[in-house]
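Chemist: Just dropping this structure here.
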Amino acid sequence: MNAFAIKQGKCNVVQGDVSAIPFSDATFDYVSAFETVYFWPGLVKCFSEVNRVLKSEGIFLICNESDGTNAADEKWTKMINGMKIYTSKQLVAALKEAGFTEIKTYSNAKNHWISIVATK
């Protein structure tokens, strides 16, 4: 997918491919991914791209409503082509391989929610 930008007021909306983020190295202090890593092709490659566009000591926040431990959530992967639900262990391993250093996980076991904060 080619990147494109829409300028509206003070906000630019940019659509692109997370495996080839259309920004220069060390552009951002923070990057977030809410309910999206389920669809990212090749986590290590995508996480490496996030790492690339983060400034030194930049922070990457991942928030998911499925932590990969609730069998009932698998209904979504059957209905939505290309969706994969990851456990925190899988996400942490991919983040480490992509070069993130400090990684903290937070979870809500009752609701199977997960948040991960990774520092470059």
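Chemist: Among the candidates Asp25, Asp29, single out the residue that is in a loop (DSSP other than H, G, I, E, B) and in contact with a Lys or Arg (Cβ under 7 Å, 6 or more places away or on another chain).
Modeler: Asp25
Chemist: Could you tell me which residue of region 73-120 is surrounded by the fewest Cβ atoms within 10 Å (Cβ to Cβ), considering only residues that are part of a helix (DSSP H, G or I) and hydroxyl-bearing (Ser, Thr, Tyr)?
Modeler: The selected residue is Thr77.
Chemist: Sort through Asp17, Asp25, Asp67, Asp29 and tell me the only one that's under 15 Å from Trp113 (Cβ atoms) and of a type in the set (Asp, Glu).
Modeler: After applying the criteria, what remains is Asp67.
Chemist: Quick check on my filter: what residues within region 78-95 are of a type outside the set (A, V, I, L, M) and out of contact with any helix residue (DSSP H, G or I) (no Cβ under 8 Å at 6 or more places or on another chain)?
Modeler: The answer is Lys78, Asn81, Thr87, Ser88, Lys89.
Chemist: If you scan region 15-50, which residues turn out to be modelled with pLDDT of 95 or more, hydroxyl-bearing (Ser, Thr, Tyr) and under 15 Å from Ala98 (Cα atoms)?
Modeler: Result: Ser48, single match.
Chemist: Might you check whether a residue that is in a strand (DSSP E or B), of a type in the set (Val, Ile, Thr) and under 15 Å from Val18 (Cα atoms) occurs anywhere in region 45-58?
Modeler: no
The values are calculated or read from the model by the stated rules, or taken from the named source; none is laboratory data. Computed from a predicted structure; not experimentally measured. A quick note on method: Cβ atoms are made from the backbone with ideal geometry, for glycine too, and the neighbour counts reach across all protein chains shown.
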